1. Pull out the extension gain between residue 79 and residue 150, defined as 0.36 nm times the separation in residues minus the alpha carbon to alpha carbon distance; nm, one decimal.
2. Assigning unit charges at the beta carbon (Lys, Arg +1; Asp, Glu -1) and nothing else, what dipole magnitude in debye, to the nearest 20, does the chain show about its Cα centre?
3. Mind checking which lysines have their C-alpha under 17 Å from residue 101, skipping anything on the same chain fewer than 8 residues away?
4. Nearest 10 degrees, 0 to 90: what angle lies between the long axis of helix 29-138 and the longest principal axis of the chain (Cα atoms)?
5. Could you sort out which of 106/149; 117/149; 117/153 sit more than 24 Å apart by Cα distance in this structure?
6. Between 152, 50, 71, where does the largest GNM mean-square fluctuation fall for the chain, given springs only between Cα atoms within less than 10 Å?
7. Please give the calculated 222 nm ellipticity per residue for the chain, where each DSSP H segment of at least 4 residues contributes -39500 (n - 2.57) and the sum is spread over every residue; nearest 500 deg cm²/dmol?
8. Say we join alpha carbon atoms closer than 10 Å with springs in a Gaussian network model of the chain; which of 82, 27, 49 then has the biggest fluctuation?
Amino acid sequence: MDLINVNQLITQILGFLVVLWILGAFAWKPLLKVLDDRRQKIADDFAAAERARSEMEKLKGEFEARMREIESAARARIADAAREGEKLSSQIVDEGRAKAKEQLDKALADIQREKEKALAEMRAQVVQSVITATERVIKERLDDAGHKKLIEKFLDEVEAAR
């Protein structure tokens with residue numbers, strides 16, 4: 001068995017230390033920097049994702065609030081339209097009633113005029129009939145003014161007797 005060669009062992013230890021120093025100076029620090037950069041990028045990505053999520057939650061809340069406002073405004077418009085429809089319906093009914101009352105009043109006034117006209121014609125006919133009957137009875141003719149005065153007196157007595 002060969003004994004361990006001390007020169008070779010020292011050379012290997014020194015070579016290992018040189019490689020370790022070279023790796024530490026040129027590879028280890030850049031490798032650690034790459035790992036740190038990667039860790040920082042991942043942390044930044046998580047933070048950006050969290051910000052985006054919270055922004056999305058905020059926008060979602062604003063959207064839902066806006067939707068509630070829109071629904072409320074739509075309900076208010078519908079209620080306003082319903083009230084306006086009821087008001088218009090009531091107005092149309094009132095106008096119809098007013099027009100019907102106006103027509104009824106006009107018809108009643110027409111009837112009253114026709115009644116007065118018929119009474120005047122009937123009175124004139126009665127006056128004429130009374131004059132004719134009176135002439136026959138008395139066989140003498142009074143003048144027109146006297147006839148009318150006598151008949152008016154008679155009619156007034158008849159109306160008062162009613």
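1. Gain in length upon complete extension: 18.0 nm.
2. 120 debye
3. Cross-link targets: none qualify.
4. Computed tilt is about 0 degrees.
5. Flagged as over cut-off: 106/149.
6. Highest fluctuation among the options: 152.
7. Mean residue ellipticity, 222 nm, calculated: -33500 deg cm²/dmol.
8. Taking springs between Cα atoms under 10 Å, the residue moving most is 27.
Read-outs throughout are calculated quantities, based only on the coordinates presented, and are distinct from any laboratory measurement. In this text, all values refer to a predicted model and were calculated from it rather than measured experimentally. All Cβ positions, even for glycine, are placed from backbone atoms using ideal geometry, and neighbour counts span all protein chains on display.
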